[in-house]
Every structure is written in structure tokens, then in C-alpha cells.
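Below: the structure, in C-alpha cells.
Read-outs throughout are calculated quantities, based only on the coordinates presented, and are distinct from any laboratory measurement. Predicted, not measured: the structure shown is a model, and the values here were computed from it. We place every Cβ from the backbone using ideal geometry, glycine too, and count neighbours over all the protein chains shown.
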Amino acid sequence: MSAIPLVPASYEQEWHLPSKGRVGMYGLIIAESAIFTIFVVAYVYYIGKSLYGPTPQQVLDVPIFNTICLLSSSVTIWLSERAIERGNMRGFGLWWAVTITLGTIFLVGTGMEWYKLIYHDGLTIRTNLFGTTFYSLVGLHATHVVIGLIMLGLTLIFTLTGHVRQEHSERVQVLALYWHFVDAVWVVVFTVVYIVGR
Amino acid sequence: MADQTLPIHGALDLTPPRESQHTLLDILHDWVITVDHKKLGLMYMMMAIFFLLVAGAEAICIRIQLAVPNNHFISPQTFNRLFTMHGTTMVFLVGMPLVFAWANYIVPLQIGARDMAFPRLNAFSFWLTFLGGIFLYYSFIGGPGLYGTGSAPDVTWWAYAPLTAKAFSPGHATDYWALALIVTGFGTIGGGINIMATVLSMRCKGMTLMRMPLFTWLMFVNGAFVLIVITPLTAAQVMLLIDRYLGGHFFDTQAGGSATVWMHFFWIFGHPEVYVLVFPAFAIASEVIQVFSRKAIFGYPAMVAAVVGIAFVSLGVWAHHMFTIGMTSAGNAFFVLSTSLVGIPTGIKIFNWLATMWGGKIRFATPMLFCTAFLFQFLCAGLTGIMLSVAPWDWQLHSSYFVIAHFHYVLVGAIVFNVFAGIYYWFPKATGRMMSETLGKWHFWLFFIGFHVTFDTMHFVGFEGMPRWIYTYPADRGWQHLNLVVSIGGVIQAIAVLLFAYNLIWSLFKGKIAGNDPWDAWTLEWATSSPPPIYNFATDPVVRSRRPLWDLKHPEDPDWKYD
Amino acid sequence: MLPKWLRVERIVRLAFAFALALSSHALAEGPQTNTHILSPVSTPATQIYQLSLFIIEITGAIFVVVAGLLTFVIIRFRERSGDDQSEPAQVYGSNQVELAWTVIPVLIVVVLFLTTARVIFAIQDAPMPQAALEVTSVGHQFWWEYRYPKQGLVGQDFVAVNELHVPLSSADHPTPTYIKLLSADVVHSFWVPQLMGKIDLIPNHPNDMWIDPLQPGIYLGQCAQFCGVQHANMLLRVYVDSPERFAAWAANQARPAVQDPSVAAGRHVFETQACMNCHVVRGTVATGRFGPDLTHLASRDTLASGMIPNTRDNLRAWIKNPDAFKPGCLMPAMQLTDEQIDQVTNYLETLK
Ligand code: HEA
Ligand code: HEA
Ligand code: CUA
Ligand SMILES: [Cu+2]
């Protein structure tokens, strides 16, 4: 019994499907957004509900410089996306490295802030509700920055060893999408923690 | 007629498969390292069936204890652990793996793809889910921890704060519980992303969204849906662990934390979760009913819209599990409204299935038997759901056996019934052999009877005011007679399930050879051989209508002519 | 209108009578009380009951229609032997029909919602009348504390345990009881089906509910939210007394403990062992707050939150080893000698 081609041999119209990398990354971002939403809701709900100090008003400084660094890293990563799309691998590597640097500065900044809070102001995760929600929310975001930096760092190593080429621009953009997301989340976290909650 | 369907041209690669040494270790190795969606699907399925037996055995212990008043079959602690483990297992280690079992095995075949979008992520997700199961059951051993108190979680599957705080639940059992759910949660997120990307990016030529089989549609919605459903739970569990390990105060009522916040977080996950669990049942019904009624689905666009509608509305109804926590009257009224609204799209689905059967020629093979019972039972369960959604009445019914009856009517009467339907339906595809119809009929009728004896009776136990979670009850309440009936029903179900397990194994070796398309069906998975080759289709199929196989079998009258 | 024998109320009553006949106890005990949710004896419970009848009518009607259609389809459209194997006519949809089965449910939902909302507001937002009694109920793992402040029939504030006494209410002289619900540890839930649905007792989240029992009797219920090992035995007893009896009971409860010199030995044991760290006996040095107030222990019908009858033997066995009755409860066995136990039991027996 041999198979007879009963199907119209070719499909006349054009057949476009979205890139699976992008769809996957959007899926991840949706899931992550839901996680962050829950933490943000908890933060907002518990604002001012601590039974004892210190309060955010007393101990939190607004991390302007940090925020500028993180947000501008979104711009630099966009520049490097553009560079790789055009095949400009040097430009790509350069902007990529700048992005990593900015992200690292942000992390160091957060570390310094936490150091001050813990050793100077005596605020730890067990001190009060503010401590619990603050370290959880900011820590959750910082975890994402760390993961992002590791991914970016790996890509940089591959770039320096010449393994990243123009045809990888799609993947690079997918990764950059994640970084943009991490930045966007910071806008929310920043607003909630340092503006609304203070 | 049925067996004459031809594989899609070039669907089969005729080069002989590589000869492999079939030692047991080889086979095992093969399964452990596999990234093939079909094998992973089967692994999810085996995991689900295994845990169904385990959690079912736990349920039987529960029922033995409750069969008579003042029983001493098991200790109170053991009883509390058993129902916690029963509920948690059934939801996270039976229900959720089933979602991915079906999605993995069927979806790529139905959309004419060779695998899922991310095969390795797929394997990773499975092993995470499996690991979660191990964590949960390890609590029986590791639960006592250094404190030497307790083993296995005994906090109900809601795990309401502050009962889960270290002060009230010492030992590690609760930690294993939380960890297990976080881990399976990550598995679920991976699986959801994969389904979404597969459906959006891997469809064969011509498989437009509006031509996808309804099964695939439901799985697609489910894949996207779990991403926002399961994650609140993950977040809440992380908070719980922060409380328990790092001394946080999220749910610490002594330090200003709130018990109700946990309730909200849990049910923001928990309610939509039940729809995540039921969507595969809908998916199976949508295929089986069409094929066995010999009629294409009635109102396809409405069916798609209804699923999306259910998913959407169900995100805003969670507090119907919390009518008794003292919300404002306006809050209660809001959740009454939003909850009963879910009945509308669900009604559309029921009516469309009915309309599909209307005017058909219904063949009551085993899959269709289970599916018909599903329709009936889901209708009843939905209506008791409506009763529960009436807040004042829920003040009476909440936490009573009426609720237990309601949700077993859905979880067993709808989901488990349709899972059986699906297994009888697709077993020939996955193994190349039919399941025994005789055993199947026995299985169906026994399970059907057992189910109704158990869970119909439970409604009345609820009306008599018996609360859930009680390990014993005094004889003077008058609950004993009905409880005995419930327990007997549980045993009948157990016999039926064992019969099913026997049927599975028997048919695997002795079943009638099935051929590619034993049911004379219409979707692409029936176009390839049974079991499908590793690459599914040697050449990519091309689709021009919702019933590609119909078009193949009836070149004189293909569906696409009417588009 | 349906013929009389077909009305849902009648059917429900019949089914209920049947269920009652099945439950042996209901006929045995004196006052005819039970735990059924379909036999209300107070206004909020009655309102719920009437609402539930209406809901049963609606859902019952939907059931009859849809299940009827399903049965019809199964019988009419099943494949018959000798079928010609032809395909049935295909129908892909129909706008009118689909519109109909969308719009009709919408209308049903609107009706459902409006009736329900009315009852919610009627019960939850009912203004508290002047004559109402206010009680605070505190849930503990695994027993109930009731605080009565000074008011109306209560001459002096006091604490009662496990057995809640409230005055009978009547249509012309409503004396409802407003219960404020608190928790000392985890979440519990107050549920006496004949009087009202359940409301949770949540730490840090005060709730309230009201009841106005219209018949005297002892109403049973139990904690309805899982709260730990002995959740199953956190039973509720509500005594609905005539106003006079209630006032007498309250007056007795408000008194400090009876001081009977003949049981001084037992009292000594109680006050020198750890008992006093967990229990209050008003008027003595025992002021512990962890366990139930024992000031009027002997006036109660039951021990251990309604679990066992308050007899001498049970009391003695309880003190010897509470776990024998209530495994996992939070009172430890105190390892007293038999003599000490006898003495303490004697003492506790005098605490009328
Ligand atoms: C697969 C699972 C599943 C499904 C599909 C449903 C479906 C529904 N459920 Fe259920 N439910 C559970 C699983 C499920 N439930 C579980 C597990 C719990 C308890 C968890 C626990 O406590 O441990 C629970 C508990 C639960 C409660 C809380 C009870 C309590 O604890 O106090 C409520 C309250 O509103 C509720 C309501 C509903 C409603 C309104 C639907 C609706 O979706 C039903 C819609 C269907 C219909 C209405 C029938 C068909 C429609 C028509 C024929 C059209 C005409 C009808 C109308 C216009 C009304 N459910
Ligand atoms: C998919 C979900 C699912 C399924 C299928 C079931 C199936 C069953 N459930 Fe369960 N149940 C839940 C989900 C589910 N349940 C949940 C979420 C809860 C709430 C938990 C909580 O409150 O925390 C619950 C609670 C619950 C209770 C209430 C406990 C309490 O509150 O005190 C009871 C009591 O009767 C019960 C009974 C049963 C019975 C008799 C079955 C039967 O249908 C089971 C039939 C299957 C079998 C009987 C298996 C047969 C096999 C064997 C016996 C062989 C064993 C062999 C080996 C192990 C090798 N369930
Ligand atoms: Cu208190 Cu259950
Ligand atoms: Cu729900």
C-alpha cells in the first residue's frame, strides 16, 4: 500500500510564524511579572503595618544614581542590539560591556545600601514587616539582575572568543528582552519602595 | 473503512530503525535522557497514574477511618497528614502532570510538528515536576527533622497561615511541602512556556489559529494561563519559606503580618488552578464527542471564545473560597456576581457539546461512555458550584462535605472520567494496540457506580452539617449511615481503578493491533503510524481545513471547499 | 404555579424528614436540635434557608432541562444496528440558537445575583438593636473562650468557656446576640448550622456575626476551619435559655469561685502544680490564660470543648491524661500521683 499524495502539494499562501525564542521569552516575562506583582502587592499592603521601627522614612535613601545606571543600561543594550543587527561586532561588544558595567554598578550600589541598612540602621529581614517586605522585594529584583548579568557575561565571553556572529542577533535580542524587563520591573519597585512607601 | 486511511504522503520514513540492544538498562537510559515529546508525554502520564494510585490509596485510608463514628483505624495526626497529602498529590502530582501529559503527546502531533518548541526545556520541566513529587513524599522520612516532631505536612492543601508558622508546625514537613510546590511550579512554568511557543511557532503550513483542533486550542490557552496562575503560588511559597527560615513576618500575626493575605494569595492561585486542571478534560471531550458522534463540533468560534472567557473571568473570582472570612457585604456581593458569571461561558461549552451530539450517530465505545458521564457529572458539579457561589448559603456550606462533594464531582466526575476517556481514545495511537473493550465497559460501569455511591451521598452528609478535615465524629450526630455508604463507594472505585490498571498492562501486550486510525478520526495525529515514529511526520503536512484527515479520506467532499 | 406537592420547599422538607429519620440521635435527645443546615431556628439562618430553596429551584430547573436534553440525545441519536454507515448531516453552528443559550443564562445570573445580594446585605448590615447581647468569642487550639461584658442581662463581666449561653429571642422582643470573633492563635471558624452560617476567627482580623435563636435548646456545631491536630474535637454548644434562666446563669458565672474548705488539699495541689500557670480560677492565685477558665467548671455539662460528659470519672481521667481523650491537645498530663488526682478532682468538682 503506497501512499498517494492527496494533500495539495504546496501551500500557496505565505506562511509566517512568530519566532519561538521571542514567544518563549514573552512567556517567561509574563510569568515573572505575575511573581513580581504578588511581591509588590504584599509590599504595598504592608506599608505602615510594622509594629516597631525602623520605618522606611527613617532609613531609606532614594538611590538616584543607581537607578540612572540601571535605566541607561537599557539604552546601551539597545545600542548593542542595533550594532549586531548591522553586523558591527565591535560596537556590539563595546555596548554589551558597557551594559554589564552599568548593571554591576547597580548591584554594588544595592549591596552598599544593604550594608548600611544592616550594620548601621540595624534593619534586617527579621526586624519588622518593613524589613521582611523590603529585602524580599528588592532582593527578588536583585536576583534577577544577577541572573541577567550572568547571561550577559557569558555572551560577552562568547563574543570575545569570536563565537557570536551576526546571525545570532535574534538570540541576542531575546536575551536583551529579558534585560529590558528587569529594568522595567525596577521602575515599579523603585516607585513602590522609594516613592510610595517612604 | 476505518483502516483504509493512508498516511499523509511521505509521512513515514521506511528506513529500518537502528537496531539497539534492548537490555533493561538501555531502555531505562533511553527514557531518562529523552527529549522526545511523546516519551515525555508518556512519562508525565505514568507519573500521574502512579500518584493517582498513591493518593487514591490515601483516600481509601481516609474513608476507612470515617466509615464509622469514633473509629481508631488511624491516629488524628496520621489522618491530617493523609488528607493533606491526598489533596496536594492529587492536585500537583496528578492533575498538573496530566495537563502536560496530554499537551506533550498530542499537541505537536495535532499541529503537524516534529517536537515541542524547546525539547530540552521540556525534559527539564518533567524532571523538575518529578523532583517535586520526591520532595513531597520525602517529608514522610525527613519531615521530623531535628525537632523530632511530625512527619508529612498536616496543614491541609490550603496551608492557611499562621498554622504553617514554625510555632504551630515545627519540624520540616511544611518546608518540604512548600519546596515541593515551588519546584513543581517551576516545572509548570517551563511546560507552559513550551506549549505556548509550540502552538504559536511550530504549526505546519495552513494550520491557522482558527483551524487548530479544539484540543490544541484548550491546551494553548492553558499553557498561557498557567503562567499567571501558578506563579502567585510560587511567590507565596517563597514568602512562606522566608518566614520559616529567615524569620520574616509576611504571615506572622504576632508581628502585624496578616493571615488573610495568605488566603488571598493562595486562592488567587487556587481558583484559576481548578480551571487549569479541568481544561484538559474539556479538550478531550471536544475531540471524543466529535469523533464518536460523527459530527464536526458545533459552534467552533464560540467554543474558543468560551475557553478564553472562562480563563479570563476565573481570574477575578478567587474570594468565593473566602466568603466566611468576614469580607464587607459589597465585597461578598462582587464575588457572587463574578463567580456566577463563569457559568455563562461554561454553559456555552456544555450546550455546544450537546448540539454536536444532536443529530449525530453516537457510537458508545468506552471513550464515549466516559465522556457522556462527564457531561452529566460536570453539569451537576457546575450547578452545585453555583449553589456555593451564593455567599449566604456558602456560609453554611463552606468547609462542609458539600464542598468536598462539589469538587470531587468535578475533579473525579469530570477530570478523572475524561482522562480515562482520553486514555482509551489515544492508547491505540501511543502503543499501536487497542485497549480491551470488555474490560473497558466493566471499568466504566464499576467506576460510574462507585463514583455516584461515594460522591452523591457526600452532598447529603454536607447538608447534615458534617465539616471536612475531621478525623472522627461523635455517634450522636447521625452522620454514620451516610458515611458508611460513602466509604463503600470509595472501595468500589478502587476496584474499578485496579481493573483499569490491569487493562492498561494487559492491552499493552495482548491488545488488538490498532492500525493508524482505529476511530476514523479527523485530526493529524491519526495520519501517522501507531505508535508514531520519533520524528512524527517525515514531511511536514499541509492543512487546509479544521478536519485535515476528513479531507484526505474524502477527496470528493473536502471541508475546505466550504471555507 | 406548580402544584403543591411539586413545590421545592415540600420536597426539601420531605427529604429532610427522611434524613432526620436516618439520624438516630435526633429523636433520642430532649430538645429537637441537630446540625442540619436545612432546619433553621434563627432569623439569619432562616433567611439563608429561604434563599437556598430559591437557588435549589433555579439550579434544579436548569438541571432538569439540560439533563433532559442530554438523555434525549443519548437515546435518540445513538448509533443503531443496521445503520447505513453514512455520515450524519453536519451543522457547524447557528447564531440564533447560540445567542439564545448565552442570553438566557445571563438573565438567570442577574436574577441570582440580585436575590443573593439582598440577603447578603440583610444579614451582614443588619443594625444592632439596643437590647442585643454582645459576646466576644476567642478561638484557641482547641477550645472556645466567651467574654461577656457587663450589659443588660449580664450584671458583671465574666469569662465563660466552651458552652455559650445566650438568651432566647422572640419576634416581639428581639434579643439577638452579637458575637465578636477573635483568635488567640490560628484560624478557627464558628459554625452552629441551625443558628447561622459559619464565620472565621482570624488572628489580627476581628469578625462578627449575629444570631437570634427563636427556640430554646442546646444547639450543636463545631469549629469549621482546620486548626491543628484536634480540629475535629473543637465542638460547639450553644445553650439558648429563657431570659430568666440566662440571667441566673450569668449571675452565677460572674461570681468568683466557690471556696470550700473541705477540698483545701485539692486546691493546694492545683495551686502548687503547673495547673495555675494555664488556668484561671477567679478569686484564687490561679491566673494562667493559656487554658480554659475553670472558675465554674462544675457548672458545665461537658469537658474539653464538648467532647466528653462532665462526670467525676471523666474529669479524673482527663486530669490524669488528657491525651487519652484528645490526643494532641495542648494540656499535658501532669504526672500527679493518684492521691493528688483525687484531691484535685474533688476540688474541681466544687467549682459550681
Ligand atoms: C475542575 C475543578 C473545578 C471546576 C470546573 C469548578 C467549577 C466551579 N466551582 Fe468549584 N471548586 C473546586 C473545583 C472546581 N470548581 C475545588 C477543588 C474547590 C475546593 C477547594 C478546597 O476547598 O479544597 C471548589 C470550591 C468552590 C467554591 C468554594 C466553596 C467553599 O469552600 O466554600 C465555590 C464557591 O463559589 C465554587 C464554585 C464553582 C463554580 C461557580 C464553578 C463554575 O465554573 C461552574 C460552571 C458550570 C455550570 C454553572 C454548569 C453548566 C452551565 C449551564 C448549564 C448554563 C446555565 C447555568 C447558569 C446560568 C447558572 N467552587
Ligand atoms: C484530582 C483530584 C482528586 C481526586 C481524583 C480525588 C479522589 C478521591 N478523593 Fe479526594 N480530595 C482532593 C482531590 C481529589 N480527590 C482534594 C484537593 C482534597 C482536599 C484536601 C484538603 O482538604 O487538604 C480532597 C479531600 C478528600 C476528602 C476529605 C478529607 C477531609 O477533609 O477530611 C475525602 C473524604 O472522603 C476524599 C475522598 C476521595 C476519594 C474516595 C477519591 C476516589 O475517587 C479515589 C479513587 C482512586 C483510588 C481508590 C485509587 C485506587 C488504587 C488502589 C487502592 C491501589 C493502591 C495501589 C498502590 C498504591 C500500588 N478526598
Ligand atoms: Cu478550631 Cu478547627
Ligand atoms: Cu473556586
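Note on chain A: GNM, Cα springs under 10 Å; of A:ARG126, A:ARG82, A:ARG22, the largest mean-square fluctuation is that of A:ARG126.
Pairs exceeding a 27 Å alpha-carbon distance, out of B:LYS38/B:LYS510; B:LYS39/B:LYS349; B:LYS39/B:LYS295: B:LYS39/B:LYS349; B:LYS39/B:LYS295. For the stretch B:237-312, the percent of C-alpha pairs falling in each 10 Å distance bin, counted from 0 to the bin holding the largest distance, reads 16, 30, 18, 16, 13, 7, 0. Each stretch of four or more DSSP H residues adds -39500 (n - 2.57); spread over every residue of chain A, this sum gives -23500 deg cm²/dmol at 222 nm. Candidates B:TYR245, B:TRP217, B:THR129 compared by Cα position along the dipole of the protein assembly as shown: farthest toward the positive end lies B:TRP217, with charges placed on Cβ. Counting only Cβ charges, +1 for Lys and Arg and -1 for Asp and Glu, the dipole size of the stretch A:32-196 around its Cα centre is about 100 debye. Which residue fluctuates the most in chain C, going by a Gaussian network model with Cα springs under 10 Å, if the choices are C:MET307, C:MET196, C:MET234? Maximum fluctuation in the GNM of chain C, among the listed residues, is at C:MET307. Pull up the DSSP beta bridges for chain C and report the antiparallel fraction as a percent, rounded to 5. Just about 70 percent of them are antiparallel. Name the residue farthest towards the positive end of the dipole of the stretch C:66-143 from the options C:GLY82, C:VAL110, C:ILE123, assuming +1 on Cβ of Lys and Arg, -1 on Cβ of Asp and Glu, about the Cα centre. About the Cα centre, the residue reaching furthest to the positive side is C:ILE123. In a reduced charge model with +1 at each Lys and Arg Cβ and -1 at each Asp and Glu Cβ, the stretch B:35-553 shows a dipole moment near 1460 debye about its Cα centre. Normalised by 2.2 N^0.38 Å, where N is the number of residues, the alpha-carbon radius of gyration of the protein assembly as shown equals 1.02.
Take the alpha-carbon centre of the stretch B:253-275, take the same for the stretch B:486-563, and report the distance between them in whole Å. Centre-to-centre distance over Cα atoms comes out at 41 Å. Note that the stretch C:289-298 has calculated 3J(HN,Hα) couplings of 10, 6, x, x, 5, 10, 3, 10, 3, 5 Hz, one per residue in order, obtained from phi through the Karplus relation 6.51 cos²θ - 1.76 cosθ + 1.60 (θ = phi - 60°); glycine and proline are x. Electrostatic bookkeeping for C:VAL229 treats Lys and Arg as +1 and Asp and Glu as -1; over the other residues with beta carbon under 15 Å from its beta carbon, the sum is -1.
Please build a GNM for chain C, connecting alpha carbons under 10 Å apart, and tell me which residue among C:LEU112, C:LEU220, C:LEU303 fluctuates the most. Among C:LEU112, C:LEU220, C:LEU303, the largest GNM mean-square fluctuation belongs to C:LEU112. Restricting attention to the protein assembly as shown, close to 70% of DSSP beta bridges with both partner residues there are antiparallel. Amide H contacts of B:GLY257 (H built 1.01 Å from N, in plane; Pro and chain starts excluded): B:ASP252 sit under 5 Å, all sequence-distant by 5 or more or on other chains. Counting lysine pairs in chain C that sit 8 or more residues apart in sequence, or on different chains, and whose Cα atoms lie under 29 Å apart gives 9. The shape of the stretch C:261-349 can be summarised by an equivalent ellipsoid whose semi-axes, obtained from the alpha carbon gyration tensor, come to 18, 14, 14 Å from longest to shortest. For the stretch B:35-553, pairs of C-alpha atoms spaced more than 40 angstrom apart make up 20 percent of the total.
Mean residue ellipticity at 222 nm, helices only, chain B: -21500 deg cm²/dmol; runs of at least 4 DSSP H residues each add -39,500 (n - 2.57), and the sum is divided by the number of residues. Per-residue 3J(HN,Hα) values for the stretch A:165-176, derived from phi via the Karplus relation 6.51 cos²θ - 1.76 cosθ + 1.60 with θ = phi - 60°, read 10, 4, 5, 8, 4, 4, 5, 4, 5, 5, 5, 4 Hz in sequence order (x marks Gly and Pro). Two tests apply to each whole DSSP H helix in chain B, Cα reach of 20 Å or more along its axis and mean Kyte-Doolittle hydropathy of at least -1.0, and the ones passing both are B:37-66, B:96-110, B:119-142, B:173-201, B:214-246, B:259-293, B:300-314, B:343-357, B:366-388, B:417-431, B:437-463, B:480-510.
The convex hull around the C-alpha trace of chain C, projected and averaged over every direction, spans 26.6 square nanometres.
The residues packed around C:ILE74, meaning those with a beta-carbon under 14 Å from its beta-carbon, carry a net charge of +4 if Lys and Arg are +1 and Asp and Glu are -1.
Extending 7 Å from the Cα toward the beta-carbon at both A:ARG198 and C:ASP301 defines two label points whose distance is 6.4 nm. Taking every DSSP beta bridge that has both ends in the stretch C:129-260, the antiparallel portion is near 70%.
Considering only alpha-carbon pairs that sit under 8 angstrom and 6 or more positions apart, the relative contact order computed for the stretch A:32-196 is 33 percent. Based on Cα contacts under 8 Å between residues 6+ apart, chain C shows a relative contact order of 15 percent.
Taking trypsin sites (Lys or Arg not before Pro) in DSSP loop states with no more than 15 other Cβ atoms inside 10 Å as exposed sites, chain B has its longest site-free stretch at B:19-511.
Calculated mean residue ellipticity at 222 nm for chain C: -12000 deg cm²/dmol, from DSSP H runs with n ≥ 4 weighted as -39500 (n - 2.57), summed, divided by the residue count and rounded to 500.
Under the membrane-span-like helix rule (DSSP H runs whose alpha carbons stretch at least 15 Å along the helix axis, mean Kyte-Doolittle hydropathy 0.5 or higher), chain C yields C:8-22, C:43-76, C:95-124. For B:ASN104, the shell of other residues with beta-carbons less than 11 Å away shows a net charge of 0, using +1 for Lys and Arg and -1 for Asp and Glu.
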